[in-house]
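Have a look at the structure below, then the notes.
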Amino acid sequence: MRSKRFFVPGRLMMVLSSTLMAIFVAVGIQAQAPWQILGPDGGDARSIAAAPGDPSHMYLGTTNSWIYESRDAGAHWSRLAKIEPTDDLIIDRIFVDRQDPNRLYIGGWKLDGNNGGLFISTNGGTKWSPVPEFVGQSVRSFAQSASNPSLIFVGTLKGVYRSPDKGKTWTEISPAGSSEIHEVQSLAVDPKNPSIVYAGTWHLPWKTTDGGVTWNNIKQGVIDDSDVFSIIIDPSNTDIVYASACSGIYKSESAGQLFHKIQGIPSTARRTRVLMQDPVDHDTVYAGTTEGLYKTTDGGKNFKPMTGDDVIVNGVYVNPQDHNKVMLATDRSGILKSNDGGITFTSSNEGFSQRKVEALLVAHTAKPGIYAGVANDKNFGGVFYSANAGATWRQVSEGLNDLDVFVLAESSDGHIFAGTERGIYEMNPSISSVWRADNKILNNTTKQVVTYVQKKKVVRSVVVKMPPKALTGAVYALDLKGDTWLAATSQGVFTSKDKGESWQGGPVLGVKEYQTAAVDGHYMAVANSTTLAVSKDSGANWEAVTLPSGLANLRKVLFTPDGVLWVGSREGIQFFNPTGSSWTDFSRFPMRGIDDMFLDAAHNRVFVSSRSSDMVYAIDPVQKKWKHYHAGYRVNLVSSDSDHIVAASLFDGVIKGPQSDEVIASK
């Protein structure tokens, strides 16, 4: 799981009205077709498993409570079930019963550390039931006995549990309240003797030989305080045990009495999250690390890298019917598939979309299509483009240097601009899919020069050219309408009159960071969570707007064609008339916590969404009515193409809704 947390630019939403005091009429929700996930494919894959005897039937666990299924060995994926209604269950373990392929087990946990659970399905994964004993527990590991499949074991932050009847009843077999055997990250059961169990904790490995009556610390040869992520036992020689830890990979040839550290994996890849032994050739072991996949073919004497160090491996699966077929569950790059024993890998993500889309653009000019910008995905992220309404996508990130993308905008000549964590980038899709930086700041100044002509004093204004600087801050908003463009950044507010070749600006009202911006002719507006500023002269001068009492946490500003500024905030939507400096509260509108608003100029309506909701509202600013749509996914951003509502979900990529030109009718 990624530990890095990025600030997501505040996306403030507003609603418009030409006659601000008019009454808005809400429209009841009607039966609507389910929204479709478009992609981009890929993202975070956490765990992977296959049905015993049928390696083409695969299951995939995610970081947002969903489980996927494939019937063709991962060539195509489809959503099978959402294990919990929330979006924060990390499905770290998937196991298909050795005797009954319709019986599945899932172990999961949540980032708060004290939540998660064990879930069981008896119908192939369509429906799931939580195991009462583990409700609220963080389940980190799972194992089933090979010699007695009725015996299953679960490791949690509290300890080790055993069930003799495939999960119907449970007994804690580690000492209750133990100060040592807790935070159990990995489990392994001796394939010949189910009374022998290995437990890897966040502080060294442990072993029982009597089914949990007594436990012994098996730390000989292991660096102190090592987190043990994975343990495997060689089925042909159970004295051979491998353990992976934060300090490296260890091997024991004495059933854990003594370990020695295996060489060959760089210390930078010390977090080996998973070990997987080849089911045919037991001298071959794969090690999935936070910096790539490694492989040994001589029982651990030599490991060599099989992928680049930019691949974070969470799960490894080796096809028992063809051990050259290897699949990886990874952060950022989803599922990677190899048909040659890991020598080469290709993406195998069709139908699997776990992207966190932070920027969404439906382009209409030079190269129409959908652009999606993502955060946190480094070289597997950046910007993705679809020319066929989301049916297929391709990555167009060359030149972005692995930067997170926070906003995308299209100029009138069809160029695409990306606001990133370090400045603005431009791409001309008619010529190339390579981005170039547009970050030149030219803040020329004007000074008064006094001269005398025939003894008469003459005062002239002279433009003094200052050395150029670079815009290197985070860019959260871009509005490219009109002759003067506007950018809201962490370095201040900037305008451009030469189509992005140069920018002028800086802090506004003594404030650097602004997260939302809007342009309407010569009128401009920028805001952060507590400050709203407007300009009536294309950004030459700015003035503060006094906020109404109770209005706080601004997230989005938007001008409607009638010149009214909509301000979206935690409290809902407010209207500001820049010409009269007056406010009107849209108190009847039901949504609060507004995060995004989009003006669909073709159909003269405003779409409104909130990250805390799976609803999208379409507001007719003329008729003063609205309609709401149930997307089924928490919505981060909202837009539209010529036919449908297009949105970015919070965790599931781009989604497409119903016809966007549908008439909004009153009750």
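Just so it is clear, none of the values below were taken in a lab; they were calculated from the coordinates. These numbers were taken from a predicted model, which means no experiment stands behind them. Glycine also receives a Cβ, built like all others from the backbone with ideal geometry; neighbour counts cover every protein chain displayed.
Dipole orientation for the chain: of the candidates Tyr242, Val280, Trp435, Trp435 has the Cα lying most toward the positive pole (charges on Cβ; Lys, Arg +1; Asp, Glu -1). A straight Cα-to-Cα reach below 16 Å connects Lys627 with the lysines Lys667, residues fewer than 8 places away in its own chain not being considered. Taking the number of Cβ atoms within 10 Å of each Cβ as an exposure proxy, the fewest-first ranking of Ser230, Ser430 is Ser430, Ser230.
With 0.36 nm allotted per residue and the present C-alpha distance subtracted, the Thr392-Ala146 stretch has 84.3 nm of extension available. Projecting the Cα atoms of Gln491, Pro578, Val396 onto the charge dipole of the chain, computed from C-beta unit charges around the Cα centre, puts Pro578 farthest toward the positive end. Which FRET efficiency value, to the nearest 0.05, is calculated for Ser642 and Asp562 with the Förster distance at 22 angstrom and r the Cβ-Cβ distance? It comes out at approximately 0.40. Length gained on full extension, Asp72 to Lys497: 147.6 nm, using 0.36 nm per residue less the C-alpha separation. Summing Cβ point charges (Lys, Arg +1; Asp, Glu -1) relative to the Cα centre of the stretch 355-659 gives a dipole of roughly 960 debye.
Note on the stretch 222-298: the alpha carbon radius of gyration divided by the globular reference 2.2 N^0.38 Å gives 1.00. Quick one: grab the alpha carbon gyration tensor of the stretch 78-227, order the square roots of its eigenvalues as a ≥ b ≥ c, and give me rounded if a/c is under 1.5, else prolate or oblate depending on whether a/b is larger than b/c. The shape class here is oblate.
Any idea which of Gly632, Phe303, Asn102 is furthest toward the positive side of the dipole for the chain, if Lys and Arg beta-carbons carry +1 and Asp and Glu beta-carbons -1? Selected residue: Gly632.
Rank the residues Val508, Val405, Val622 as a footprinting-exposure proxy: fewest other Cβ atoms within 10 Å of their Cβ go first.
Working: Val508 22, Val405 27, Val622 16.
Ordered from fewest to most neighbouring Cβ atoms within 10 Å, Val508, Val405, Val622 come out as Val622, Val508, Val405.
If all Cα-Cα distances of the stretch 355-659 are sorted into 20 Å bins from 0 onward, what percent lands in each bin, rounded to whole numbers? All Cα pairs considered, the percentages come to 33, 56, 10, 2. Length gained on full extension, Ser430 to Thr126, computed as 0.36 nm times the residue gap minus the Cα-Cα distance: 104.9 nm. Ordering Lys499, Lys455 by the number of other Cβ atoms within 10 Å of each residue's own Cβ, fewest first, gives Lys455, Lys499. If R0 equals 45 Å, the separation of the Cβ atoms of Thr365 and Asp537 corresponds to a calculated FRET efficiency of about 0.95. Put simply, the amide H of Ile424, placed in the peptide plane, has neighbours under 5 Å in Asp438, leaving out anything fewer than 5 places away on its chain. Placing R0 at 35 angstrom, the Cβ-Cβ distance between Asp310 and Asp283 gives a FRET efficiency of 0.80 after rounding to 0.05. Which residues among the stretch 358-384 fall inside the zone where the amide N is under 13 Å from a point 7 Å beyond the Cα of Asp413, along Cα→Cβ? Within reach of a label on Asp413: 366.
Give, rounded to the nearest 20 debye, the magnitude of the charge dipole that the chain has about its Cα centre when Lys and Arg contribute +1 at Cβ and Asp and Glu contribute -1 at Cβ.
Once rounded to the nearest 20, the dipole reads 1900 debye.
In this simple spin-label approximation, Asn604 and Asn102 carry label points 7 Å from Cα along the Cα→Cβ vector, and these lie 5.8 nm apart. From most to least packed by mean Cβ count within 10 Å, the peptides 516-524, 344-352 give 516-524, 344-352. Consider all pairwise Cα distances in the chain and report the whole-number % of them above 50 Å. For the chain, the fraction of Cα-Cα distances above 50 Å is 24 percent.
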